[in-house]
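Below is one structure, written out as structure tokens; the observations come after it.
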Amino acid sequence: MKPMGPIPPEFAAQTGALTIAGQSAGAWMEGREGPVFVYDPTIVASRVARFRAAFPSIDLHYAIKANPFAPLLAAMAPMVDGFDVASAGELAKVSPLGKPISFAGPGKRDAELTAAISAGVTLNLESEGEAHRALTIADGLGVRPRLAVRVNPDVELRGSGMKMGGRPSPFGIDAERVPALVRELIAAGADWRGFHIYAGSQALDPQAIIDTQAATIALAARLADEAGHAPPLVNLGGGFGVPYFAGDKPLPVETVGQALEQALASRPAILADSRFAIELGRWLVAEAGVYLARVIDRKDSGGETFLILDGGLHHQLAASGNFGTVVRRNYPLAVAHAMGAEAVETVSVVGPLCTPLDRLGDRVALPAARVGDIVAIFLAGAYGATASPAAFLGHPPADEIIGGSA
Ligand SMILES: *Cc1c(COP(=O)(O)O)cnc(C)c1O
């Protein structure tokens with residue numbers, strides 16, 4: 001038997017039939033051919049409220065690549081201060097929502113720069129080449145572009161699942177070249193919006209985030225001093241993780257918030273009038289989503305029991321351990337009609353794809369599940385439907401559903 005990660009608090013205390021956003025898993029699956037993702041916006045709202053209480057003076061941006069489902073974005077628009085996007089496709093999804101938008105990501109094409117500059121979106125510039133293309137395009141449009149500089153920081157987020165700073169990188173401009181670029185942007189007449197400094201993702205150690213944020217503030221001040229210009233906004237990145245696996249502990253954001261408010265209270269003079277933002281993806285939405293699939297078959301082989309579902313890694317790649325993890329570990333999952341019930345058997349839960357990678361639960365202890373029963377996989381609100389190879393092996397995509405409004 002191998003352990004599973006912790007079921008998110010909103011579901012962990014349930015007994016009997018699993019309820020998501022006020023309806024049972026069975027009711028959400030009613031009349032549907034295949035697996036579904038169900039998102040509960042009230043869980044997102046509770047994460048936002050927790051962030052607001054912990055970080056009273058910081059803007060909150062949602063990085064929509066974590067989950068760009070349009071009804072979820074609409075529900076989140078009143079909750080957040082801005083959206084961060086990383087393609088023209090993502091930009092089109094948030095444009096109608098009337099919030100400030102920033103656009104990061106390497107390799108922005110001219111058409112993407114044009115769309116963003118025309119719409120008044122802040123571009124987080126990833127290279128000098130991109131900066132020059134943006135200035136030329138803005139000139140052609142007769143528009144004053146909003147430009148921020150993404151810094152490839154000389155700090156990295158310790159313990160982070162994905163390190164994005166402190167080394168050669170396709171993301172951001174090496175710190176030592178940033179001041180000259182800021183001066184050039186301002187001299188060219190651009191509306192320089194400040195810095196974007198993103199040092200990593202999926203961190204659960206509060207001290208690592210505290211140290212990174214302190215280093216980020218110091219770096220922003222140093223670059224601003226060297227550039228001779230104060231940044232209107234410093235986007236401090238994010239990287240708040242969620243507990244996916246056995247032994248993971250939830251991030252105490254209140255501890256991080258206290259340290260950040262203190263660090264800002266004594267910040268260098270050049271940042272006195274700057275605003276600060278944190279951009280979060282998974283921490284806001286991961287726990288709000290549940291992936292539901294039905295048991296198609298049960299079989300025994302070599303002394304192991306397999307539950308074969310109608311859903312798999314083509315919908316929820318991350319739970320198979322093939323999205324940014326080194327060692328495969330079990331996400332939390334449950335038999336949807338038997339929440340809180342005692343485990344009676346050890347089973348491996350697999351998907352229908354013809355590859356051994358399609359394993360959603362490896363020798364997990366569960367209550368009995370028969371053919372036709374629903375299995376729930378938690379933490380499916382981030383990097384699920386849009387981060388999975390939906391076309392692989394030709395099965396239909398999963399439906400996505402949002403529960404009642406927040
Ligand atoms: C992916 C990404 C995020 C969101 O990361 P999470 O781990 O989901 O919070 C935020 N900012 C940038 C620049 C990113 O690339």
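With contacts taken as Cα pairs under 8 Å at a separation of at least 6 residues, the stretch 1-139 carries a relative contact order of 14 percent. Using the alpha-carbon atoms, what tilt in degrees (0 to 90, nearest 10) does helix 253-265 show relative to the longest principal axis of the chain? That helix lies at roughly 10 degrees to the long axis. Loop exposure criterion: trypsin sites (Lys or Arg not before Pro), DSSP state outside H, G, I, E and B, at most 16 other Cβ atoms within 10 Å. Applied to the chain, the longest stretch between such sites is 159-327.
How much length is gained on full extension from D225 to R50, taking 0.36 nm per residue of separation minus their Cα-Cα distance? The partial results should precede the final answer.
Working: separation 175, 0.36 × 175 = 63.00 nm, distance 3.39 nm.
Computed gain between D225 and R50 is 59.6 nm.
With the simple spin-label model, which puts each label point 7 Å out from Cα in the Cβ direction, the Q14 to H132 separation comes to 5.6 nm. Computed from the C-beta positions of T42 and A269, the FRET efficiency with R₀ = 56 Å rounds to 0.85.
Can you list which of the chymotrypsin sites (Phe, Trp or Tyr not before Pro) found in the stretch 269-359 are DSSP loop residues with at most 16 other C-beta atoms within 10 Å?
On the way: sites: F276, W283, Y291, F306, F323; in loops: F323.
Answer by residue number: F323.
How much space per residue, in cubic angstrom, does the convex hull of the C-alpha atoms of the chain take up? Write out the running numbers ahead of the final one.
Details: hull volume 54.7 nm³, N = 406.
Convex hull of Cα atoms, per residue: 135 Å³.
Each residue was assigned an accessible area with a 1.4 Å probe, and for S87 the value is about 40 Å². Across the stretch 90-214, C-alpha contacts under 8 Å between residues 6 or more apart give a mean separation that, scaled by the residue count, equals a relative contact order of 25 percent.
Could you tell me the distance between the Cα centroids of the stretch 329-382 and the stretch 1-31, to the nearest Å? Cα centroid to Cα centroid, the span is 12 Å. Largest first, the residues L280, L141 sort by 1.4 Å accessible area into L141, L280. With no solvent and one point on each alpha carbon, what is the Debye value of log10 I(q)/I(0) for the stretch 270-402 at q = 0.16, 0.18, 0.21 Å⁻¹? Normalising to I(0) and taking log10 leaves -0.78, -0.98, -1.31.
The longest part of the chain holding none of the exposed loop GluC sites (Glu not before Pro), meaning those outside H, G, I, E and B in DSSP with at most 11 other Cβ atoms within 10 Å, is 34-341.
You can think of it this way: the chain between A341 and F392 has 14.9 nm of extra reach, that is 0.36 nm per residue less the Cα-Cα gap. Note: relative contact order over the stretch 310-406, using C-alpha pairs below 8 Å and six or more positions apart, is 37 percent.
Rounded to the nearest whole Hz, the Karplus-based 3J(HN,Hα) values (6.51 cos²θ - 1.76 cosθ + 1.60, θ = phi - 60°) of the stretch 223-229 follow the sequence 5, 5, 4, 5, 6, x, 9, with x at glycine and proline.
The values are calculated or read from the model by the stated rules, or taken from the named source; none is laboratory data. Owing to the predicted nature of the structure, the values given are computational and were not obtained by experimental measurement. Backbone-built Cβ (ideal geometry, glycine too); neighbour counts: all protein chains shown. The accessibility values were calculated without ligands, DNA or RNA, using every heavy atom of the protein model including side chains. Shrake-Rupley method; radii C 1.70, N 1.55, O 1.52, S 1.80 Å.
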